[in-house]
Structures are given as C-alpha cells and as structure tokens.
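A.B. asks: Starting off with a structure, shown below.
The values are calculated or read from the model by the stated rules, or taken from the named source; none is laboratory data. Everything numeric here is computed off the predicted structure, so don't read it as measured data. Ideal geometry is used to build each Cβ from the backbone, glycine not excepted, and the neighbour counts take in all protein chains shown. Please note that ligands, DNA and RNA were not included when accessible areas were found on the heavy atoms of the full protein model with its side chains. Shrake-Rupley method; radii C 1.70, N 1.55, O 1.52, S 1.80 Å.
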Amino acid sequence: MSRPAGDLQPTPGQTVGPFFGYALPYDGSSDLVPPTHPDAVRFHGRVLDGAGDPVPDALLEIWQAGPDGAVPRAAGSLHRDGFTFTGWGRASTDGTGHYSFATLAPGPTAPGSAPYLAVTVFARGLLNRLFTRAYLPGDDAALVADPLLASLDPERRATLVAAADDRGFVFDIRLQGDGETVFLAHG
Amino acid sequence: MTDILDEAPTAPASSDAAASTQAEVSAEMAAISREYADTGATETQPRLDYPPYRSSVLRHPTKDPHHADPEGIELWAPVFGHQDVDRLEADLTIQHRGEPVGERMIVTGRVLDGEGRPVRHQLVEIWQANAGGRYIHKRDQHPAAIDPNFTGVGRCLTDGDGTYSFTTIKPGPYPWKNHRNAWRPAHIHFSVFGPAFTQRMITQMYFPSDPLFALDPIYQSITDPAARDRLVATYDHDVTSHEWATGYRWDIVLTGSHRTPLESDTEGDDA
Ligand SMILES: [Fe+2]
C-alpha cells in the first residue's frame with residue numbers, strides 16, 4: 001500500500017524534468033493581458049544557475065493581484081478571452097534563460113502594503129519547486145515597511161525587488177551562488 | 001530525459017556525470033541513505049541538494065528557504081473552470097485517429113489538503129512518455145518509436161469530492177544521461193494546484209514494485225522510504241474496467257493550508 005489509510009503526510013514533489021515543454025506552456029500562457037493592452041507591463045528576466053549560466057529549461061508561474069489590489073477570482077487562464085484578468089500565467093525560459101510575461105502591475109492587497117507578484121520556479125535539475133516574491137519598485141515607504149523585506153539584510157533583500165525598465169520590470173532569478181535569490185518557506 | 005543533459009557543456013557536473021557508472025551513483029545514494037537513517041529525522045520532501053542527480057549540482061539554492069507568513073495573494077490560488085478544460089482532455093487515448101499502442105489504464109485518486117479536505121474543482125495536469133518510453137518532445141532522442149496516436153498530455157478538474165481521473169497508456173521506462181546506463185522508472189508527471197498558492201506542486205507518480213526504484217537518483221532524492229513510497233500508485237481491481245483498462249489509484253496530499261477554504265473556492269458546477 002503506497003499510502004496507509006489516514007496518512008495525511010504531504011506528497012513529495014519531484015523535478016519538472018526536461019519534457020514539460022509540450023505539456024505545460026500553452027498559447028497565451030505568458031500573456032495575462034494582450035501585450036497591446038494600454039496598461040500592459042512586461043515582467044521579465046533571466047534564470048541563472050550557480051555558475052552564472054542561463055537555465056534554458058525552467059518554467060515560471062506568476063500569481064498576482066490586479067491593479068486595484070483585488071485577488072482575481074475569475075477562471076479562464078487556459079483559454080484567455082482577452083478581457084478577463086485572471087492574475088495567473090506561465091512562461092518557460094528560452095535558450096538564453098530568459099522568460100517574459102505581459103501583465104498588469106499589481107496594486108497593494110492592503111492599504112500601504114508593498115505590491116508584489118508571487119513567483120513559482122520549476123526546472124530540470126531542481127528537485128522541487130521554489131517560491132519567491134517579486135516586489136515592484138517605486139513605493140519606498142511600503143518596501144521599507146514590508147515585514148518580509150525588513151527581515152532580510154540589504155544584499156538579500158535586493159534579490160526580491162524587481163528593477164524598472166522602459167516597458168515594465170526586470171526580475172532575475174539566481175538559483176545558487178552570488179546574489180542567490182531569497183526563496184520562501186511558508187510554514 | 002534523453003536529454004542533452006547539461007546543455008551547458010562546460011559545467012563540471014556534466015563531465016563528471018558522463019564518467020559515472022550506476023555502481024558509483026548507487027554507492028553515493030547508499031551513503032546518503034545511511035547518513036539519513038542515522039539522523040533519526042523525518043524528511044517528507046526531496047532534497048534539493050542531491051549530488052547523485054547531477055543536474056541538481058548547480059541548480060539548488062545553498063541557503064535555507066526564508067520563512068514568510070503567507071499573506072494577500074499567497075492565501076489564494078488561481079481559479080480554473082470548464083471554460084479552461086474540456087472533459088475530453090482527461091482521456092489521453094482519444095486524441096488521435098487510432099488507438100495508442102500499450103497497456104490502457106485508468107489512473108484516479110483524490111487531491112486532499114493537509115487536513116484531509118478535498119481540493120475541489122482544481123486543475124490537474126499530466127504528461128508522460130508513451131509505452132515505449134518516448135516523449136513527444138524535440139529534445140527526446142531516445143531511439144524508441146514515436147506513437148502517432150499518443151501525445152501524452154492530459155488535463156482535468158477535480159470534482160466536488162477532490163477526485164481526478166485519467167484514461168491513458170502505461171508509460172515505459174526510458175534512458176537518460178545522468179550516468180552510464182541510467183534509466184528512469186516508469187512515471188507520469190503530475191502538476192497540481194491547491195486552494196492556496198503555497199500548495200502548488202509538481203511531482204511524479206510511479207508504479208508498484210519497479211525494479212528501477214533503487215537505481216534512480218530522482219526517486220531516491222526523497223531520502224525517507226515512507227515518503228518516496230507515497231509517490232507509488234496502488235493497483236486497484238475496483239478501478240480496473242471490464243475488458244477495457246487496468247486501474248491504478250493514487251491520492252495526492254498537499255501541504256497544509258493557511259486559510260480555511262470558503263464556499264466561493266468551490267463555486268461552479270460539478271465536474
Ligand atoms: Fe519523465
């Protein structure tokens with residue numbers, strides 16, 4: 001018996017492996033809004049390994065509030081209608097380790113809180129998923145007041161704050177080594 | 001994963017990998033198992049730093065995860081509905097003109113949260129090799145036949161009881177390049193969501209008594225024998241279907257929730 005009756009220990013994770021490319025990404029998976037949407041921002045960056053080399057077979061998912069800070073409760077992420085913001089998307093990295101989403105900038109989910117995107121990272125070679133947060137730059141008072149960011153030293157804190165660029169935000173993920181991204185345990 | 005393993009040709013891990021034998025990798029795994037048994041601790045998840053899986057060497061964080069109280073968006077998960085998933089997507093044997101080759105099987109089970117509550121109306125995705133151990137993926141170079149009647153991708157929503165069910169073909173084991181003569185035990189990849197973002201998981205389901213379990217560093221990266229056994233489905237003759245398909249049962253338990261599910265989590269009709 002693989003799981004005795006009454007056993008509620010969690011099922012272990014396993015690596016996503018190399019062959020998810022024809023299964024998990026789908027048409028429109030990385031476009032939470034059409035890139036032509038007047039308020040569209042690009043959320044993008046690179047995934048790097050411990051040698052600083054790009055990870056070309058990673059998969060990222062983002063989950064975020066809308067611009068008004070409300071948690072999206074609408075279905076339709078897998079067949080987007082172009083009008084409904086579901087708050088969720090999925091992108092694989094390309095041959096240079098780069099990923100890219102078109103989305104809307106999330107608002108604060110509570111007054112004065114720092115807006116962020118929740119990010120999940122999967123990759124071949126990564127035996128279980130990793131969670132992190134990509135905070136948006138801009139509201140310095142909110143960032144300073146954020147309990148998670150405040151609990152980190154400045155160098156580590158910087159790994160969780162995206163940088164603004166001309167179309168949106170850049171957020172690189174370093175799995176290991178110098179500038180290793182802060183990954184989260186929700187216990 | 002007849003993978004070009006380590007696309008980064010300069011990575012030391014891959015050149016080492018090419019030189020390792022199964023005996024060497026097995027000895028590394030045995031040493032980790034002994035060290036784990038001596039600790040007396042109980043691990044429920046795979047180790048991220050597991051050198052016998054060569055590709056993990058440069059891809060595991062070296063720092064412990066930082067504790068964060070889930071808040072805001074993290075207490076919720078995306079909603080999927082019947083506009084997202086067609087019921088036919090749960091049958092991987094009807095996606096082409098003909099019947100796929102192999103042993104037709106039904107795999108079903110329940111998705112539960114850490115308190116044993118069903119995870120209702122949530123998305124389950126699977127992908128797998130065909131009966132010969134070959135994926136429809138351009139990077140799979142294993143010289144086994146592609147089955148024109150089998151893609152190996154399925155989706156469904158759990159029903160009001162948290163139950164998922166797929167009809168598919170039993171996948172074959174396949175070679176990969178972790179070390180010389182490395183073979184993966186037959187498995188189906190599962191992607192599962194819970195009612196909260198923090199419960200998101202991807203894993204692999206295995207079949208009973210696979211002789212490759214002891215040899216496989218991905219399976220053995222879960223150092224606790226009872227924990228890795230939770231990835232093994234059970235043959236269930238009550239799931240087996242008369243003159244049609246063998247049946248396997250496999251339940252998935254997510255990590256604990258930080259928010260009591262609301263009725264609004266489970267809106268929508270039953271699957
Ligand atoms: Fe696989």
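A.B. asks: Go through the range B:48-65 and report how many residues are at the interface with chain A (Cβ under 7 Å from one of its Cβ atoms) and open to solvent by 40 Å² or more (accessible area, probe 1.4 Å).
C.D. replies: 4
A.B. asks: Restricting the range A:8-51 to residues that are over 30 Å from B:I222 (Cα atoms) and among the β-branched types (V, I, T), which is farthest from the ligand (Cβ to nearest atom)?
C.D. replies: Ranking the candidates gives A:T36 first.
So that you can scan it fast, the table gives a plain yes or no per residue for (1) open to solvent by 20 Å² or more (accessible area, probe 1.4 Å); (2) on the phi < 0 side of the Ramachandran plot; (3) within 16 Å of the chain's Cα centre (by Cα); (4) away from the ligand (no atom under 12 Å from the Cβ):
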| position | (1), (2), (3), (4) |
| --- | --- |
| B:A129 | no, yes, yes, no |
| B:A145 | yes, yes, no, yes |
| B:C156 | no, yes, yes, yes |
| B:P185 | no, yes, yes, no |
| B:A196 | no, yes, no, yes |
| B:R200 | no, yes, yes, yes |
| B:P208 | yes, yes, yes, yes |
| B:P211 | yes, yes, no, yes |
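A.B. asks: Quick check: is even one residue across the range A:143-164 at the interface with chain B (Cβ under 8 Å from one of its Cβ atoms) and without any contact (Cβ under 8 Å) to a residue 12 or more places away in the chain?
C.D. replies: Checking the range A:143-164: at least one residue is at the interface with chain B (Cβ under 8 Å from one of its Cβ atoms) and without any contact (Cβ under 8 Å) to a residue 12 or more places away in the chain.
A.B. asks: Determine, yes or no, whether B:I136 is of a type in the set (A, V, I, L, M, F, W, C), under 19 Å from the mean Cα position of the chain (by Cα), facing chain A (nearest Cβ under 9 Å) and assigned to a loop (DSSP other than H, G, I, E, B).
C.D. replies: Yes; evaluated as a whole, the condition is true for this residue.
A.B. asks: Can you name the number of the only condition in (1) open to solvent by 10 Å² or more (accessible area, probe 1.4 Å); (2) within 13 Å of the ligand (Cβ to nearest atom) that B:R120 fails?
C.D. replies: Only one criterion in (1) open to solvent by 10 Å² or more (accessible area, probe 1.4 Å); (2) within 13 Å of the ligand (Cβ to nearest atom) is unmet by B:R120, namely (2).
A.B. asks: From B:A27, B:A90, B:A68, grab the single residue that is at the interface with another protein chain (Cβ under 7 Å from one of its Cβ atoms) and either out of contact with any Ser or Thr (no Cβ under 8 Å at 6 or more places or on another chain) or modelled with pLDDT of 95 or more (or both).
C.D. replies: Every option except B:A68 fails the conditions.
A.B. asks: Residues in the range A:43-60: is at least one within 7 Å of chain B (Cβ to nearest Cβ), charged (D, E, K, R) and touching a helix residue (DSSP H, G or I) at 6+ places or on another chain (Cβ under 9 Å)?
C.D. replies: Looking through the range A:43-60, none of the residues is within 7 Å of chain B (Cβ to nearest Cβ), charged (D, E, K, R) and touching a helix residue (DSSP H, G or I) at 6+ places or on another chain (Cβ under 9 Å).
A.B. asks: Counting just the residues of the range A:102-113 that are more than 20 Å from A:T84 (Cα to Cα) and within 10 Å of another protein chain (Cβ to nearest Cβ), which one comes out nearest to the chain's Cα centre (by Cα)?
C.D. replies: A:S113
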